[in-house]
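To start, the structure itself, in structure tokens.
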Amino acid sequence: MTALDMESMVNTIKGWVENPVKFARSHGIPVSPATEIKTPETQIHILIVEGFLLYNYKPLMDMFNKCYYITIPYEECKRRRSTRQYTVPDPPGLFDGHVWPMYLKHRGEMEYSCLPIDYLDGLKSKDKLYSQVYEDIHNTLLNNL
């Protein structure tokens, strides 16, 4: 956790929350004309925050409206990690000796936090995961209108 600048991430998200359109423009993200016409009260903005320790940092946890966590079993995780190409390859034993134990540790901490998290099956295709999350967000927005 100390290797990540979590405070900067919190401040960046706060900047987006305060004014999503201004934030987008200041970061070179095109804003659709519809966004400029609608009143701020009727606009819907969605920010997706991605990272592997998001749910282990309390100031971030307080900012999320929806939480998703993609899970995969040990064997699949190890297989995927072994196919990644790094400039400096993993030393032998890193996955079993550090990566997986740290995953289990941080996942346990996350689960202990009692944050309402929707778990997604990482064995599903990217398209199926996207559709599942899209449908969930769409339904949540409809229910909150």
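Could you tell me whether the stretch 92-102 includes any residue that is small (Gly, Ala, Ser) and within 18 Å of Leu4 (Cβ to Cβ)?
no
Looking at the stretch 71-97, I want the residues that are open to solvent by less than 80 Å² (accessible area, probe 1.4 Å) and have a partner that is part of a loop (DSSP other than H, G, I, E, B) with Cβ atoms under 8 Å, at least 6 apart or on another chain. Which pairs are those?
Thr71/Gly122; Ile72/Gly122; Ile72/Leu123; Pro73/Leu123; Glu76/Gly122; Glu76/Leu123; Arg81/Asp90
Taking the residues in the stretch 1-38 that are outside any helix (DSSP H, G or I) and within 26 Å of Trp100 (Cα to Cα) as candidates, determine which candidate is modelled with the lowest pLDDT.
Met1
If we keep just the residues of the stretch 42-70 that are open to solvent by 40 Å² or more (accessible area, probe 1.4 Å) and touching a strand residue (DSSP E or B) at 6+ places or on another chain (Cβ under 6 Å), which is nearest to Asp118 (Cα to Cα)?
Tyr68
With respect to Glu76, determine if the residue is more than 22 Å from Met9 (Cα to Cα) and among the acidic types (Asp, Glu).
In short, yes.
Residues are listed down the side, and each one gets a yes or a no for (1) at pLDDT 85 or above; (2) of a type in the set (Ser, Thr, Tyr):
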residue	(1), (2)
Pro40	no, no
Ile44	no, no
Tyr68	yes, yes
Pro73	yes, no
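I'd like to verify a number: residues in the stretch 102-145 that are more than 19 Å from Met61 (Cα to Cα), surrounded by 12 or more Cβ atoms within 10 Å (Cβ to Cβ) and either free of Cβ contacts under 8 Å to residues at least 40 places away in the same chain or touching a His at 6+ places or on another chain (Cβ under 9 Å) (or both), how many?
Going through the stretch 102-145 one residue at a time, the tally reaches 5.
The values are calculated or read from the model by the stated rules, or taken from the named source; none is laboratory data. What you see is a predicted model, and the numbers here were worked out from it, not measured in a lab. Cβ coordinates were reconstructed from backbone atoms using ideal geometry, including for glycine residues, and neighbour counts include every protein chain displayed. The area values use the complete protein model at the heavy-atom level, side chains included, leaving out ligands, DNA and RNA. Shrake-Rupley method; radii C 1.70, N 1.55, O 1.52, S 1.80 Å.
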